[in-house]
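Only one structure is covered here, and it is reproduced in the block below.
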């Protein structure tokens, strides 16, 4: 019994230790780390089989505490200063594995295009400024707030000041732009405060209009000779898009089916199965347009998904969904809700990663890493948090927090996984993090 009391005392002492800042940002050591320390200190004191059995029992208890974090804290690469313009950074996307971000205040797009040529390495930032010109046409890129990339690698940007959608081909996004030969196209009809844009697996472009409770869909069409003048017809790749404005009811738009809700839609995303997900912000709800068919919708209420000021969506390659709830200022810290693929209203229980249980504070964006972890950008903590798979299954959850001077992105606005690297866009810097874990 004396040995057991000694072992318990050592375990209690070990659990109070933390990783050094900033790598773990105050997270306690994993059960495996605790066990290693106990084995180091206790094994020399073992004298008989009974003591060994006590230690074996402690070993099994520690293993039951849940999996160790899926990655270990690492360093970061910081992109900031005059070379990397950060003027109201908002959206972050991957164009051919190259990170691009939008500046709402600066009315610019910035891409970290890899250097090419003799003895060059790293990135050569490309900045595309407003207005955008191609031949004799000028496109206004003012207050860009959302971006998406289609199957052809074309970059689509939703700009709110002039209610427009602008598309740039790979001539712009793949190298330093030559405005006399690169192609820019735009669409300015049936847009009212476009707040989200998504590209589905078929190449169609979906735009959420927060101002008039509608969805604009630019559907891919094939034209043998020439397209009708009402079509949106980019010239760079011969692809044509036929616009359709969807609403709940009305004569100047195409009504959606029963079960559909459009109530100040503020974010939109497409999953790998072709389902379109729409966040309705006032009142809060989540609408799924099944297989991209606007006549078939499912809507989740705020109560069944614990929606609390939802602001962003993230999907993975399996059709799973994460909903980012920013919460409100003060004691309401927000949460992230994980919804497994195949869930329908009333058929499943989402996993809520809350501030009360995990320290989440004012999350603004989320992304699924290639190992299945969910990463969350938190404005309240000025941090990026790695939520391992145990968190998403409702089991043991040991998040890893990246914050402090080693990760100086400031207040984050967007987060994105590109390969094994996590990119965090913030008011002070764009930071890339490559965890060393699985």
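The values are calculated or read from the model by the stated rules, or taken from the named source; none is laboratory data. Bear in mind that the values here come from a model prediction, so they are computed numbers and not experimental data. Methodologically, a virtual Cβ is constructed for each residue, glycine included, from the backbone with ideal geometry; neighbour enumeration extends over all protein chains shown.
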When every residue in region 380-392 that is touching a residue at least 40 places away in the same chain (Cβ under 8 Å) and part of a strand (DSSP E or B) is compared, the one farthest from residue 410 (Cα to Cα) is 387
Residue 244 passes all but one of the listed conditions (1) at pLDDT below 90; (2) surrounded by 15 or more Cβ atoms within 10 Å (Cβ to Cβ); (3) in contact with a strand residue (DSSP E or B) (Cβ under 6 Å, 6 or more places away or on another chain); the exception is number (1)
When residue 313 is run through (1) at pLDDT 95 or above; (2) in contact with a helix residue (DSSP H, G or I) (Cβ under 6 Å, 6 or more places away or on another chain), the failure sits at (2)
Q | Flag if residue 385 is in contact with a strand residue (DSSP E or B) (Cβ under 7 Å, 6 or more places away or on another chain), in the same structural domain as residue 83 (by TED's automatic domain parsing) and closer than 27 Å to residue 328 by Cβ | A | yes
| task | State whether the residues of region 340-347 include one that is crowded, with 16+ Cβ neighbours inside 10 Å and either on the phi > 0 side of the Ramachandran plot or in contact with a helix residue (DSSP H, G or I) (Cβ under 9 Å, 6 or more places away or on another chain) (or both). | result | no
Picked from region 253-273 (must be within 20 Å of residue 216 (Cβ to Cβ) and within 18 Å of the chain's Cα centre (by Cα)), the residue surrounded by the most Cβ atoms within 10 Å (Cβ to Cβ) is 265
Residue check, residue 380 farther than 26 Å from residue 96 by Cα and out of contact with any helix residue (DSSP H, G or I) (no Cβ under 9 Å at 6 or more places or on another chain): no
Within region 132-148, residues surrounded by 19 or more Cβ atoms within 10 Å (Cβ to Cβ) and touching a residue at least 40 places away in the same chain (Cβ under 8 Å) come out as 132, 134, 139, 144, 145, 146, 147, 148
Of (1) surrounded by fewer than 21 Cβ atoms within 10 Å (Cβ to Cβ); (2) under 16 Å from the mean Cα position of the chain (by Cα), residue 376 satisfies every one except (1)
Counting only residues in region 217-241 that are part of a loop (DSSP other than H, G, I, E, B) and surrounded by 15 or more Cβ atoms within 10 Å (Cβ to Cβ), the one modelled with the lowest pLDDT is identified as 236
Residues in region 402-431 that are surrounded by fewer than 23 Cβ atoms within 10 Å (Cβ to Cβ) and either more than 14 Å from the chain's Cα centre (by Cα) or farther than 20 Å from residue 95 by Cβ (or both) total 11
